[in-house]
Amino acid sequence: HEGTMKNNCGMTLIELLIVMGIIAILAAIAAPNMSEFVRKNRIQNQTRRIYSDLSNMRTMAMNTNRMHFMQFGLANNAYQVLEDTNGNEDRDDPPADTQRLARTGTEQGNEPVKTLPAGLVPAFDSRGYATQTGTICILRRDGKPATGNTTNCVVVYPTRILMGKIRKDGDCSKQDDCNQ
């Protein structure tokens, strides 16, 4: 028995190369899936941020007893929240109205935001009711909705705000494309 036993203290170079090759193949398979996961996660985070900012804006409107507006369509997909400090119940640029929040495109992952109706400026009055309602969609950089189980739209109703997913066959061209 002693003559047929081999002393194995380590791995040969060929075994090491085979293991490294297997790891490289698995990494090549996982990389595209990982980038799609990161993209979907960025869209979901941006959707949640807009939802949270709308909810906070509504609370600010009730606390200050003044209208608040969220304006989209600024450079680099940024948006801002304005407080109606001049009391005319209309959105005006600062300094007439006070900017309470500003989000830049880099904070949002620079994903495009589409509003329905186009140019929507969600607004809440002093009682917390939305006076301008509609849908806000967060799209991929190519302008299409994210696929799969991704929260990517927010609907503002007169008395509530809901997050949802763009319907599988929807493209965010109609307000009912967002399922809550």
Item to complete: Kindly indicate whether D176 is open to solvent by 40 Å² or more (accessible area, probe 1.4 Å), touching a Gly at 6+ places or on another chain (Cβ under 9 Å) and of a type outside the set (K, R).
Response: yes
Item to complete: Out of the residues in region 24-54 that are touching a Lys or Arg at 6+ places or on another chain (Cβ under 8 Å) and modelled with pLDDT of 85 or more, state the one that is farthest from C178 (Cα to Cα).
Response: D53
Discussion item. Just to check your reading of the model, which residue among T151, T159 is in contact (Cβ under 8 Å) with a residue 24 or more places away in the chain, surrounded by fewer than 16 Cβ atoms within 10 Å (Cβ to Cβ) and closer than 21 Å to S55 by Cβ?
Written reply: T159
Discussion item. Give me the residue from region 81-113 that is at pLDDT below 90, touching a Phe, Trp or Tyr at 6+ places or on another chain (Cβ under 9 Å) and part of a strand (DSSP E or B) and, out of that set, nearest to V38 (Cα to Cα).
Written reply: V113
Worksheet, complete the sentence: The condition of being among the β-branched types (V, I, T) and in contact with a Gly (Cβ under 9 Å, 6 or more places away or on another chain) holds, among T59, T98, only for T59
Discussion item. Need the failing condition index for T59 against (1) open to solvent by less than 60 Å² (accessible area, probe 1.4 Å); (2) at pLDDT 90 or above, just the number.
Written reply: (1)
Worksheet item: Quick one: in region 62-79, which of the residues that are open to solvent by less than 50 Å² (accessible area, probe 1.4 Å) and within 19 Å of Y129 (Cα to Cα) is modelled with the lowest pLDDT?
Response: Q71
Fill in: Those residues of region 86-128 which are at positive phi and open to solvent by 40 Å² or more (accessible area, probe 1.4 Å), in sequence order
G87, E89, N110, G119
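From T135, T131, grab the single residue that is part of a strand (DSSP E or B) and surrounded by fewer than 19 Cβ atoms within 10 Å (Cβ to Cβ). Full working, then the answer.
Details: T135 fails: surrounded by fewer than 19 Cβ atoms within 10 Å (Cβ to Cβ).
One residue alone meets the criteria, T131.
The values are calculated or read from the model by the stated rules, or taken from the named source; none is laboratory data. Only a predicted model underlies this, so the values are computations on that prediction, with no experimental measurement involved. Here Cβ is always computed from backbone atoms with ideal geometry, including for glycine, and neighbour counts include all displayed protein chains. The protein model used for the area step is the full one, side chains on, heavy atoms only, and it has no ligands, DNA or RNA in it. Shrake-Rupley method; radii C 1.70, N 1.55, O 1.52, S 1.80 Å.
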